[in-house]
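Single-structure report; data block below.
The values are calculated or read from the model by the stated rules, or taken from the named source; none is laboratory data. Small disclaimer: the values here were computed from a predicted structure and weren't measured. Reconstructed Cβ throughout: ideal geometry from the backbone, glycine too, with neighbour counts over all protein chains shown. Areas reflect the complete protein model, heavy atoms only, side chains present, ligands, DNA and RNA absent. Shrake-Rupley method; radii C 1.70, N 1.55, O 1.52, S 1.80 Å.
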Amino acid sequence: MTELSTGDNAPDFELPRDGGGKLSLTSLRGQKVVLYFYPKDDTSGCTAESIDFSGLKPDFEKAGAIVLGMSPDSVKSHDKFKTKHKLAVELVADEERKALEAYGVWTEKSMYGRKYMGVERSTFLIGADGRIARIWRKVKVPGHAAEVLEAARAL
């Protein structure tokens with residue numbers, strides 16, 4: 001699989017979402033989409049990132065953007081995570097990892113010399129036309145949501 005680049009069409013998906021139902025990228029055409037990929041519900045970095053994006057949700061809406069978080073966790077896990085931390089963003093479950101693989105964020109990782117497969121924390125800003133406007137890989141959480149917001153406003 002070739003790595004996605006700015007200007008590429010964002011791979012479509014239709015996946016289960018928190019609260020029930022499904023969400024597809026095509027259904028959001030016409031508005032900007034911030035799609036952030038995170039490794040696991042209710043872990044420190046993922047919680048901080050989701051809280052940051054949730055806190056800025058009204059600003060993203062003013063910028064004409066919807067924020068979606070995606071991980072390989074189940075909808076049930078997303079629902080608990082969202083309730084526990086009062087998250088305002090939409091969470092999408094990719095248990096089969098098809099979208100994670102299509103976006104190139106399901107990668108080999110290493111911790112304490114042990115190699116394993118997992119989600120590389122990444123964010124994609126997708127324009128109203130469905131094309132990738134900006135990509136952040138190997139994201140460091142502090143200040144990231146605010147940086148993405150500035151990019152969404154500029155788009």
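ASP79 is checked against (1) over 17 Å from ALA145 (Cα atoms); (2) touching a residue at least 60 places away in the same chain (Cβ under 8 Å); (3) in a loop (DSSP other than H, G, I, E, B) and fails just one. What number does that condition carry?
(3)
Can you name the residue in segment 104-128 that is hydrophobic (A, V, I, L, M, F, W, C) and part of a strand (DSSP E or B) and, of all such residues, is farthest from LYS32 (Cα to Cα)?
Within segment 104-128, the first condition is being hydrophobic (A, V, I, L, M, F, W, C), and the residues that meet it are 105-106, 111, 117, 119, 124-126, 128.
With the extra rule that they be part of a strand (DSSP E or B), the set shrinks to 106, 111, 117, 119, 124-126.
On the way: TRP106: 23, MET111: 35, MET117: 30, VAL119: 23, PHE124: 10, LEU125: 7, ILE126: 6 Å.
Applying the filter and picking the extreme gives MET111.
Here's the yes/no breakdown for (1) within 22 Å of GLU120 (Cα to Cα); (2) in contact with a Cys (Cβ under 9 Å, 6 or more places away or on another chain); (3) touching a residue at least 12 places away in the same chain (Cβ under 8 Å); (4) among the small types (Gly, Ala, Ser):
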position	(1), (2), (3), (4)
LEU15	yes, no, yes, no
GLY20	no, no, yes, yes
GLY30	no, no, yes, yes
PRO39	yes, yes, yes, no
ILE66	yes, no, yes, no
SER71	yes, yes, yes, yes
VAL75	yes, no, yes, no
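Can you work out which of the residues in segment 130-146 that are assigned to a loop (DSSP other than H, G, I, E, B) and more than 19 Å from ALA99 (Cα to Cα) is most open to solvent (accessible area, probe 1.4 Å)?
LYS140
Only one of (1) at pLDDT 95 or above; (2) within 24 Å of ARG134 (Cβ to Cβ) is not met by SER74, so which one is it?
Checking SER74 against (1) at pLDDT 95 or above; (2) within 24 Å of ARG134 (Cβ to Cβ), the one that fails is (2).
Any residue in segment 93-116 that is over 10 Å from PRO11 (Cβ atoms) sitting within a Cβ distance under 8 Å of a residue that is exposed (fewer than 10 other Cβ atoms within 10 Å of the Cβ) and of a type in the set (Asp, Glu)? List the pairs, counting only those 6 or more apart or interchain.
Pairs that qualify, where the first residue is over 10 Å from PRO11 (Cβ atoms) and the partner is exposed (fewer than 10 other Cβ atoms within 10 Å of the Cβ) and of a type in the set (Asp, Glu), are LYS115/GLU108; TYR116/GLU108.
If you check THR47 against the conditions, is it open to solvent by 40 Å² or more (accessible area, probe 1.4 Å) and within 21 Å of VAL105 (Cα to Cα)?
No; evaluated as a whole, the condition is false for this residue.
Read through the list (1) modelled with pLDDT of 95 or more; (2) open to solvent by 10 Å² or more (accessible area, probe 1.4 Å); (3) out of contact with any helix residue (DSSP H, G or I) (no Cβ under 6 Å at 6 or more places or on another chain), then give the number of the only condition that LEU68 fails.
It is condition (2) that LEU68 fails.
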